[in-house]
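First the structure, in the form of structure tokens, and then the observations on it.
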Amino acid sequence: MYDPALPPQNIEAEESILGGILLDPKAMGRLVDFLVADAFYVRSHQEIYRAAICLHGKGKPTDLMTVSSWLEDHQLLDEVGGIPRLLQLIERTVSAANIDRYAELVMDKYVRRQLIGVGGEVIELARDTTRELDEVLDGAEQAVFRVSNRGRTTRTLPNSEVASAAFTELEKNNPIYPTGLRELDDLIVGFEPGTLTLLAGRPSMGKSQAALFLALQMLARRIPVVFFSLEMTAQQLEYRLWSLLSVHRHYCDYGFSPLRSGRIRQHRAGLAPLTELERETIVDVLKIAAELPLYFNDDRGTTVMGIASECRRLISEKKQPGLVVVDYLQMMADDSPNGNRSYELGNVARGLYKMAGDLNVPILALSQISRAVEGRNNKRPLMADLSQSGILEMVSDNVVLLYRDEYYNPDSADRDVLELIVGKARHGLTGTARCLFDKSYGLLTELPGGNHGN
């Protein structure tokens, strides 16, 4: 019977979900992208489901043995009722056949509980007469937005709705963001929301510098960019950004003196202190850098779920990213000795691809390529050289492979030339875009009278 004093909940559905997961570990794949742990009303149920999420994310089964072992390792087994409680959940469940429906019921109750909480928040906002009305309305809108995004909507639509939405999108002229390199835009058009672009190459080929350059094309238009760096710290990237800003054409009117990125490292190491002119340049560049809508995250333990969470937070704050950079994929794959690294890397790639569509953001993910190129006469990378897993090729909308001939041939006639080999373009053309690359600043510029190859 309905009791208005109790928060919305469905304990039986929660138990059926957990029992279904323990009975049939494959069922977890139907839930993980939709059902969140906080949706469970009972605290012990949350902990059991979190254990299942963690295990599933590492490619491990969510059966009784592995879940109970995980909970015991994290000192949570007794807290959830021990193995007898897990066995009880299994005994009360016939099968996992209806687990999707149960998940919808649990999420329904969860969203309703969240909405009750937001109602109190909105009331407090409305009572605060020290705030302007516009600020109150905006705060209330954001609070409801946070909850509404947790609800589930169907993605199976009649073509009449799809056609109408497509026309509306066309009329709104929502942009595909240019890369800033004409030859590359001729091939892939640009960064389109909802797509995953892979930027791959051997170590020291210039992936991170190229990614920062591409990110700056958005920032110069005041379009937010989120840069997730699992290799370099945020401060190291910031120093590179200062160097790039000092020579980028968009900021040439400021009259900055060129600042080589290596100079800051030399100064910090006590090898060659910065000159007075270089210090003045840094002060001037810093004023520009501080105003850019750029967000760094250098958590080396981040996951796809963590990246998605940070992006959702920015979207809720009306800072829709024009580009999300992940540097780089292999650092996100589990390196445990018992793990299947190719499987883990595939999960990361699939997760980012799904996230791009769910959040309607373009993602630029950096990747290593295998050492196979080193044994060939022609060391230009191929799609088959993508490191560790063919899944990268499958889920990416664009695959751009980097090559600098001077890296292998110091006397090359193509010194300072970076080749961006488009091996896959789901909505464009394959071919090669060539540009000048000044690694002292991380600057990419057009080749005079350049052409792209096919």
When residues of segment 395-425 are limited to those that are touching a residue at least 40 places away in the same chain (Cβ under 8 Å), in contact with a strand residue (DSSP E or B) (Cβ under 7 Å, 6 or more places away or on another chain) and not aliphatic (A, V, I, L, M), the one nearest to Leu214 (Cα to Cα)
Asn398
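For every residue, the table says whether it meets (1) charged (D, E, K, R); (2) within 20 Å of the chain's Cα centre (by Cα).
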{"site": "Leu214", "(1), (2)": "no, yes"}
{"site": "Gln217", "(1), (2)": "no, yes"}
{"site": "Ile223", "(1), (2)": "no, yes"}
{"site": "Ser229", "(1), (2)": "no, yes"}
{"site": "Glu238", "(1), (2)": "yes, yes"}
{"site": "Ser243", "(1), (2)": "no, no"}
With respect to Leu241, determine if the residue is more than 30 Å from Lys58 (Cβ to Cβ), modelled with pLDDT of 90 or more and not in a strand (DSSP E or B).
yes
May I ask you to list pairs of residues, at least six apart or on different chains, whose Cβ atoms are under 7 Å apart, with the first in segment 254-265 being farther than 14 Å from Leu241 by Cα and the second being modelled with pLDDT of 85 or more and open to solvent by 60 Å² or more (accessible area, probe 1.4 Å)?
Tyr254/Asp284; Ser257/Leu277
Which pairs do you get when a residue that is under 14 Å from Glu317 (Cα atoms), found in segment 126-141, comes within reach of a residue that is open to solvent by less than 100 Å² (accessible area, probe 1.4 Å), reach meaning Cβ atoms under 7 angstrom, with the pair 6+ apart or on two chains?
Gly139/Leu125; Ala140/Val122; Ala140/Leu125
Consider only pairs whose beta carbons are under 9 Å apart and that are at least six residues apart or on different chains; among these, list those whose first residue lies in segment 94-121 and is free of Cβ contacts under 8 Å to residues at least 60 places away in the same chain and whose second residue is of a type in the set (Asp, Glu) and assigned to a helix (DSSP H, G or I).
Gln114/Asp38
Need the failing condition index for Thr197 against (1) among the hydroxyl-bearing types (Ser, Thr, Tyr); (2) at pLDDT 90 or above; (3) open to solvent by 10 Å² or more (accessible area, probe 1.4 Å), just the number.
(3)
If I ask for residues that are outside any loop (DSSP other than H, G, I, E, B) and open to solvent by 10 Å² or more (accessible area, probe 1.4 Å), which ones from segment 178-187 would you list?
Arg182, Asp185, Asp186
State whether one or more residues within segment 100-117 are among the polar types (S, T, N, Q) and either modelled with pLDDT of 90 or more or surrounded by fewer than 19 Cβ atoms within 10 Å (Cβ to Cβ) (or both).
no
Among the listed residues Leu392, Leu364, identify the single one that is part of a helix (DSSP H, G or I), within 17 Å of Arg426 (Cα to Cα) and open to solvent by less than 20 Å² (accessible area, probe 1.4 Å).
Leu392
Ile282: passes all of (1) outside any helix (DSSP H, G or I); (2) in contact (Cβ under 8 Å) with a residue 24 or more places away in the chain; (3) of a type in the set (A, V, I, L, M) but (1)
Counted residues, segment 208-238 - those being assigned to a helix (DSSP H, G or I), open to solvent by 10 Å² or more (accessible area, probe 1.4 Å) and either over 23 Å from Asp438 (Cβ atoms) or touching a Phe, Trp or Tyr at 6+ places or on another chain (Cβ under 7 Å) (or both)
1
Pull out all pairs, ordered by first then second residue, where Cβ-Cβ is under 6 Å, the residues are six or more apart or on different chains, the first lies in segment 46-58 and is within 15 Å of Arg30 (Cβ to Cβ), and the second is assigned to a helix (DSSP H, G or I) and modelled with pLDDT under 90.
Tyr49/Ala37; Ala52/Met28; His56/Met28
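The values are calculated or read from the model by the stated rules, or taken from the named source; none is laboratory data. Just so it is clear, the structure is predicted and the values come from calculations on it, not from any experiment. Because the Cβ atoms are built from the backbone with ideal geometry, glycine has one as well, and the counts that use them run over all protein chains shown. When the accessible area is computed, the model is the full protein with side chains, heavy atoms only, and any ligands, DNA or RNA have been set aside. Shrake-Rupley method; radii C 1.70, N 1.55, O 1.52, S 1.80 Å.
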